[in-house]
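The values are calculated or read from the model by the stated rules, or taken from the named source; none is laboratory data. Since the structure is predicted, the reported quantities are computational estimates derived from the model, not experimental observations. So basically every Cβ, Gly included, is an ideal-geometry build from the backbone, and we count neighbours across all protein chains shown. We work out accessible area using only protein heavy atoms, side chains counted, and drop any ligands, DNA or RNA first. Shrake-Rupley method; radii C 1.70, N 1.55, O 1.52, S 1.80 Å.
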Amino acid sequence: MRRFVAVAVASSGRSHRKAWSVSALRDAEKPPPSSETFETWEPRDFFSFEVLHQSTASKARVGRIHTPHGYVDTPGYVAVATNAALKHIDHTLTDFKHDSSSSSLSSTTPSSTSRLGIDGGQQLMFCNSYHLLLQPGGDVVEEAGGLHKFMNRNHPLITDSGGFQVFSLSNHSVTDELNRKQTTTRYAKGMLKVTEEGAVFRSYRDGKLVNLTPERSVLNQKQLGADIIIPLDELPPFHTSTADLVRSVALTHRWEARSLRTHLEDVKQQAMLGVIHGGIDREIRTWSTDYIKSLPFDGFAIGGSLGRDTGELMGILNTVMPMLQRDGEALPATQQRPVHLLGVGDEGSIRAAVQMGLDTFDSCFPTRLGRHGTALTSKGRLNITNRRFKTEYNAVLDEECDCHVCANGFSRAYLHHLFKAKEPLGHQFLAIHNLRYMNRLMASIRSDILENKL
């Protein structure tokens, strides 16, 4: 949803030119609370993660996350519904048709339709607490009975903390930051300041001052009532020095500890994932992993800047995942903690990360592609606006697909017409199709893991 950006490990771009060592920079920072000041992590009775099969070919694993609103098969794709809505989509057309009687390994493999109708396969969705704080407000959602009732979804939900929005307010959009050659100002646009206490900014909706502290972020997520929540963190800009990256990670550790403490005061049947930061710097990633895994989080998320490409992403995962897996080896298969990769949704990165043991992935990439006329298919990407589809009356987007669009026989010619006529229905249809593609992809990956092919 928010993390696939790169960070320079030093202003010169070369880590061996650091003026100060990471350890010296780290030692100069205010330390976060010791793990000894927290209770020891214990499995929750309302939230658990079990490993159902460990591949013999890699670190890939098939598992199941159990939440108060149903289960999530892993590896799994998490759709992004920023404002409690998938853009241009009625989420009921993409939802998993939950059969509570199904608990076997076979239920993690691909399916077409269920007795409950066309199965879109979407189990877990990601909403953003920052946007929902500003509109309609956590108090409104709480009064409605929580996010599940508010958006009429009886499946698992996860909410982000707003940390990525702190980054966006500070440094424009992710794309802008990736394309900028140098940072001209640390805090621009609506951002006023980031301090030890939190982030202060002006609402993009009405210009009012908002003070987002770790405590407020968590309390807002308590009002929303998602099954899984995220502590407040900070992301440094694309072009940052090692010293600034260390300062940012140190601040994030202190913010996450405060977030966790607030969460533990009133758990409310919610699980919290600790977010590991550090850019592409191996030493900083190791430091962050060491600290975050020492705290009683119910699972982990790998966030921050994840590199320019799959190769740099794998460098990060090669540092972080063995550290998490060593801790996991001491626990029974039914008491593992899931690991989420924030903001990564391209197929190549997912396939590579799954083999490292990652469990869930979120990204708005598939729905954004759909809104721009690109369909994901078993034979590659298809741009429906291409004139060659104007007369393809008898072909659906993908003959192998069982989504609402393909199963009901909407032709490529009709979809081409919708985009050329600028009808919003075209955006909806391709987004629905792409979400189903992602869930079929993940089901196929789970099947390959069960057969030890991956």
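Open to solvent by less than 10 Å² (accessible area, probe 1.4 Å), more than 24 Å from GLN54 (Cα to Cα), in a helix (DSSP H, G or I) and touching a residue at least 24 places away in the same chain (Cβ under 8 Å), is that true of ILE284?
Criteria met by ILE284.
Counting only residues that are of a type in the set (D, E, K, R), modelled with pLDDT of 85 or more and either out of contact with any His (no Cβ under 7 Å at 6 or more places or on another chain) or closer than 23 Å to ARG61 by Cβ (or both), segment 85-143 holds 5 of them.
Of the residues in segment 310-328, not one is outside any helix (DSSP H, G or I) and more than 19 Å from the chain's Cα centre (by Cα).
So that you can scan it fast, the table gives a plain yes or no per residue for (1) assigned to a loop (DSSP other than H, G, I, E, B); (2) open to solvent by less than 30 Å² (accessible area, probe 1.4 Å); (3) at pLDDT 95 or above; (4) under 25 Å from VAL140 (Cα atoms):
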| site | (1), (2), (3), (4) |
| --- | --- |
| PHE167 | no, yes, no, no |
| THR184 | yes, no, no, no |
| TYR187 | yes, no, no, no |
| ASN211 | no, no, no, yes |
| GLU215 | no, no, yes, yes |
| ASN220 | no, yes, yes, yes |
| LEU235 | yes, yes, no, no |
| ARG247 | no, no, yes, no |
| SER259 | no, yes, yes, yes |
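Applying the criterion of at least 2 residues that are buried (at least 16 other Cβ atoms within 10 Å of the Cβ), out of contact with any Ser or Thr (no Cβ under 6 Å at 6 or more places or on another chain) and modelled with pLDDT of 95 or more to the strands (runs of 3 or more DSSP E) found wholly in segment 337-417 leaves 339-341, 360-362, 374-377. For segment 418-438, the criterion of being surrounded by fewer than 22 Cβ atoms within 10 Å (Cβ to Cβ), touching a helix residue (DSSP H, G or I) at 6+ places or on another chain (Cβ under 7 Å) and not hydrophobic (A, V, I, L, M, F, W, C) is met by at least one residue.
Within segment 73-81, not a single residue is modelled with pLDDT of 90 or more and open to solvent by 30 Å² or more (accessible area, probe 1.4 Å). Restricting segment 301-319 to residues that are open to solvent by less than 10 Å² (accessible area, probe 1.4 Å) and of a type outside the set (A, V, I, L, M), the residue that is modelled with the highest pLDDT is GLY303.
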